[in-house]
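Visitor: The following block contains the structure, expressed as structure tokens.
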Amino acid sequence: MRKLTGGLILLLLLGACKFNGDKKTLPIYGNRTPVTKTVNGQQVTDTVYQSIPAFKFVNQYGDSVGSKNLQHDIYVADFFFTSCPSICPIMQRNMLAVYNAYKDTADIKIISYTIDPKHDTVPVLKKYADKLGISGNSWWFLLGDKDTVYQLANSYLVNVGEDKTAPGGYMHQGYFILIDKQQHVRGSYDGTDPKQVDQLIADIKTLKAEPVSK
Amino acid sequence: MKTGIIACICFLLLALIYSCQSDTSIEFKQYYSAGSLVYQSHCQNCHGAKGEGLAALIPPLTDTSSLKKHQTKLPCIMQNGLKGKTTIAGKDFDGAMPAAGLTPIEIAQVVTYVGNSFGNKLGVVTGDDVGVALRKCN
């Protein structure tokens with residue numbers, strides 16, 4: 001009898017674990033606004049989540065690309081500059097792990113925005129990508145108008161800016177931001193911490209397995 | 001009696017040699033462990049926890065022969081940074097390392113650490129060694 005209850009409890013525990021594992025979905029971050037509409041004569045309240053606004057920049061190949069090209073992609077975004085002496089090398093080392101995990105998956109991309117457009121011209125970005133060993137179109141280094149990029153950073157819930165006292169002249173945060181196919185923020189990870197980056201790599205898989213809504 | 005004196009002298013000599021040895025090894029340990037902290041706070045972001053570098057952007061510190069070749073210049077590299085083309089571990093680098101902003105003793109510590117980690121075995125570099133080397137930077 002004892003043995004039986006013991007076994008039963010074990011089974012229940014296992015079941016609980018499995019149940020939790022299956023149900024995992026990633027949260028949606030940022031502001032949400034309730035929008036009330038009338039559908040078939042009935043009032044329906046819908047939640048509209050913060051999303052990344054449309055943008056159009058230039059990548060390391062000199063091609064004009066933007067949010068239009070990312071409509072069917074999950075992507076990871078970060079903000080950097082090529083001459084950054086402090087945390088960027090750590091971020092790039094960790095982002096390379098993300099790149100290597102998903103470079104052959106068509107609908108997963110990496111977008112690195114430079115926050116130093118004056119120095120990081122297209123040839124500088126191309127050389128930087130080459131030296132990192134990046135080829136193809138799964139990792140873009142994007143160059144755009146400074147104010148537009150700084151504005152855009154806010155929608156990714158990241159703070160960037162010029163700061164004469166910071167190493168390299170810019171202050172920024174080393175977050176990796178996970179964006180889903182609806183342009184919602186689904187995760188934010190410290191790009192300088194290999195453990196959080198492992199979590200990001202796992203979460204991309206979870207997000208990819210999510211049933212398509214809307 | 002005579003053998004007693006000889007034994008005594010021998011013992012003293014041995015003790016002397018032994019204490020000298022442990023002196024340098026204590027010195028080495030002190031430089032090395034302090035150097036590991038300097039490395040973590042000033043170098044690891046670029047050169048990596050295992051001295052692996054970063055692709056073709058930042059060279060690894062695992063190439064003993066390259067380090068040996070630049071051994072006398074290492075303190076100057078820490079003091080002034082390094083710029084321009086170099087070939088390390090068979091790869092070309094054309095980046096820029098900023099001046100580390102370290103004191104001569106911290107330079108000695110970190111050079112001892114790097115010189116004896118990541119598969120390197122270049123021995124201890126003291127604060128005095130660094131002082132001499134720094135006078136020869138151009």
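Values quoted throughout were computed directly from the atomic coordinates according to the rules given, and no laboratory measurement underlies them. For clarity, every value in this text was computed on a predicted model and none was experimentally measured. Every residue, glycine among them, receives a Cβ derived from its backbone with ideal geometry; neighbour counts consider all protein chains shown.
Visitor: Which links in A:Lys103/A:Lys208; A:Lys109/A:Lys181; B:Lys50/B:Lys73; A:Lys181/A:Lys205; A:Lys103/A:Lys146; A:Lys68/A:Lys109 stretch past 18 Å when you go from one Cα to the other?
Guide: In this structure, B:Lys50/B:Lys73; A:Lys103/A:Lys146 exceed 18 Å between Cα atoms.
Visitor: When you count, for each residue, the other Cβ atoms within 10 Å and take the mean per peptide, how do B:63-70, B:2-9 rank with the highest first?
Guide: B:63-70, B:2-9
Visitor: Then there's this: Once Rh for the range B:9-138 is found with the Kirkwood sum over Cα pairs, what is the Stokes-Einstein diffusion coefficient at 20 °C and 1.002 mPa s, in µm²/s? Write out the running numbers ahead of the final one.
Guide: Working: Rh = 15.5 Å.
Result for D is 138 µm²/s.
Visitor: Would you mind counting up the charge near B:Thr86? Only other residues with Cβ under 15 Å from its Cβ, with Lys and Arg at +1 and Asp and Glu at -1.
Guide: On the way: positive: A:Lys131, B:Lys68, B:Lys69, B:Lys73, B:Lys83, B:Lys85, B:Lys91; negative: B:Asp63, B:Asp92, B:Asp94.
Around B:Thr86, the surrounding residues sum to +4.
Visitor: Using a 10 Å cut-off on Cβ atoms, rank the peptides A:181-187, A:44-50 from the highest mean neighbour count down.
Guide: A:181-187, A:44-50
Visitor: Is it possible to state the helix-based mean residue ellipticity at 222 nm for chain A, with each DSSP H run of 4+ residues giving -39500 (n - 2.57), the sum divided by total residues, to the nearest 500 deg cm²/dmol? What is it?
Guide: -11500 deg cm²/dmol
Visitor: For B:Lys2 and B:Ser33, calculate 0.36 nm times their separation in residues minus their Cα-Cα distance, and state this gained length in nm to one decimal.
Guide: Full extension of this stretch gives 6.6 nm more.
Visitor: Could you state the angle between the C-alpha long axis of helix A:146-155 and the longest principal axis of the C-alpha atoms of chain A, as a value from 0 to 90 degrees rounded to the nearest 10?
Guide: The angle comes out near 10 degrees.
Visitor: Still on this structure, I have one more. Between B:Lys83 and A:Gln151, what is the label-point separation in nm under the 7 Å Cα-to-beta-carbon projection?
Guide: So the two model labels end up 3.6 nm from each other.
Visitor: Taking the inverse of the average 1/r across all pairs of different Cα atoms in the protein assembly as shown, what Kirkwood radius in Å do you get?
Guide: 24.3
Visitor: Within 10 Å of each residue's Cβ, count the other Cβ atoms and sort B:Ile105, A:Ile177, A:Ile110 from fewest upward.
Guide: Values: B:Ile105 15, A:Ile177 24, A:Ile110 20.
Ranked by crowding around the Cβ, least crowded first: B:Ile105, A:Ile110, A:Ile177.
Visitor: Considering only DSSP beta bridges with both partners in the protein assembly as shown, what is the antiparallel share in %, to the nearest 5?
Guide: Percentage antiparallel, nearest 5: 75.
Visitor: Please determine, in degrees from 0 to 90 and to the nearest 10, the orientation of helix A:2-23 with respect to the longest principal axis defined by the Cα atoms of chain A, where the helix direction is its Cα long axis.
Guide: That works out to roughly 30 degrees.
Visitor: Over chain B, what is the relative contact order in percent, taking alpha-carbon pairs closer than 8 angstrom and at least six residues apart?
Guide: Details: 174 pairs, mean separation 35.7, N = 138.
Here the relative contact order equals 26 percent.
Visitor: If R₀ is 41 angstrom, what is the calculated FRET efficiency for the pair A:Thr45 and B:Thr64, using the beta carbon separation as r and rounding to 0.05?
Guide: Between A:Thr45 and B:Thr64 the formula returns 0.05.
Visitor: Hey, another quick one. Give the average, rounded to an integer, of partner chain Cβ atoms located within 10 angstrom of each Cβ in B:49-56.
Guide: 4
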